[in-house]
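The values are calculated or read from the model by the stated rules, or taken from the named source; none is laboratory data. What you see is a predicted model; the values in this text were computed from it and never measured. Backbone-built Cβ (ideal geometry, glycine too); neighbour counts: all protein chains shown. SASA here: full protein model, heavy atoms, side chains in, ligands and nucleic acids out. Shrake-Rupley method; radii C 1.70, N 1.55, O 1.52, S 1.80 Å.
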Amino acid sequence: PRLCVQVKSGETPVDAPTLNGLIGAMQNVNADQGLLVSWGGFRSSVEREVPAQFFRVRLWDQDTLIDELLSCYDRLDPDLRAELPLKRLWTLSGDDAGFGLCGSRTFSQGARTPPLSRSCGGRLSCGG
């Protein structure tokens, strides 16, 4: 299948003309599917178009992009991982039932792990 991808890295939410431009580009190159990535998210006009384009176009905001990257990061080519060096961090999480480990969505590019500190009534939390 042929895929068209458009990426917007700005903080401004993407509007309908940008989506329509991607759909036009898909038609010009006979692409089967399109992916519109916007770090700044999407305006409601774009969100309303999604059902009509469900099988042809996917929208990724910053949360979806990070989730997708983290879901396949371990399978990426080592050269690509070297360009984007991420380290998985685990933190202690306290809740009403007691302590439990949870995976953190926090990632680091060579940053030191912040020290553990006591807060919230003596529960351990990540200081930083």
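The figures follow:
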read-out: C72 - accessible surface, heavy atoms, 1.4 Å probe, Å² rounded to 10; value: 40
read-out: DSSP-assigned coil residues among GluC sites (Glu not before Pro) in segment 1-94, each with at most 10 further Cβ atoms within 10 Å; value: E11
read-out: Sequence-distant residues sharing a close amide H with F42 (under 5 Å, placed H); value: V14
read-out: List F42, F54, ordered by accessible area with a 1.4 Å probe, largest first; value: F54, F42
read-out: Accessible-area composition of segment 1-90, carbon plus sulfur, in percent [1.4 Å probe]; value: 52
read-out: Cα→Cβ-extended label distance, 7 Å offset, between T91 and N28, nm; value: 4.4
read-out: R43 accessible area, 1.4 Å probe, all protein chains in place, Å² to nearest 10; value: 120
